[in-house]
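One structure is given here, and the rest of the page talks about it.
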Amino acid sequence: MAIVVNKPIPEFEANATSGVKVSNQTHLGKVVVLYFYPKDNTPGCTTEAMQFRDKYKDFVKAGATVFGVSRDNMKSHDDFKAKLELPFELIADTKKKKK
C-alpha cells in the first residue's frame, strides 16, 4: 500500500480507545497519521504497532497525531493497546461496507 501525503480525510465518525470519538472534523487542519492493519495481536500487526509506538515521540515532535485502525472491536483494541503500552489511540472500524 502506498503512503499518501496531504490527502484530506473523507467524512467519517468512529469510536477509539480511551472513550475518544474521532471524526474528520475533530482533526481538521491538523496532521494526522492513520495506519491500517488487519487484526490485533497477530505477529505482523503487533510488530507494526510497536514500530509506531517506538517512533511516537518523533511523530509528536513533527506535530502529528497517530491513530491505528482495524476492524477489531473496542474490547480487543483496549487489550491490545494496554498489552503493548501504545501511547496513541486505536480506532474501531467495525462498520462493514455494503457492496
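The values are calculated or read from the model by the stated rules, or taken from the named source; none is laboratory data. Nothing here was measured: the structure is a model prediction, and the numbers come from that model. Methodologically, a virtual Cβ is constructed for each residue, glycine included, from the backbone with ideal geometry; neighbour enumeration extends over all protein chains shown. SASA here: full protein model, heavy atoms, side chains in, ligands and nucleic acids out. Shrake-Rupley method; radii C 1.70, N 1.55, O 1.52, S 1.80 Å.
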Residue check, GLU13 charged (D, E, K, R) and touching a residue at least 24 places away in the same chain (Cβ under 8 Å): no
Could you count how many residues in the stretch 23-47 are of a type in the set (S, T, N, Q) and open to solvent by less than 60 Å² (accessible area, probe 1.4 Å)? 4
Those residues that are surrounded by fewer than 13 Cβ atoms within 10 Å (Cβ to Cβ) and of a type in the set (A, V, I, L, M, F, W, C), I need them from the stretch 50-68; list them, please. ALA62
Filtering the stretch 74-99 for residues that are outside any helix (DSSP H, G or I), surrounded by fewer than 15 Cβ atoms within 10 Å (Cβ to Cβ) and modelled with pLDDT of 95 or more leaves a count of 2
Taking the stated definitions as given, is ILE9 surrounded by 12 or more Cβ atoms within 10 Å (Cβ to Cβ) and either part of a strand (DSSP E or B) or touching a strand residue (DSSP E or B) at 6+ places or on another chain (Cβ under 6 Å) (or both)? no
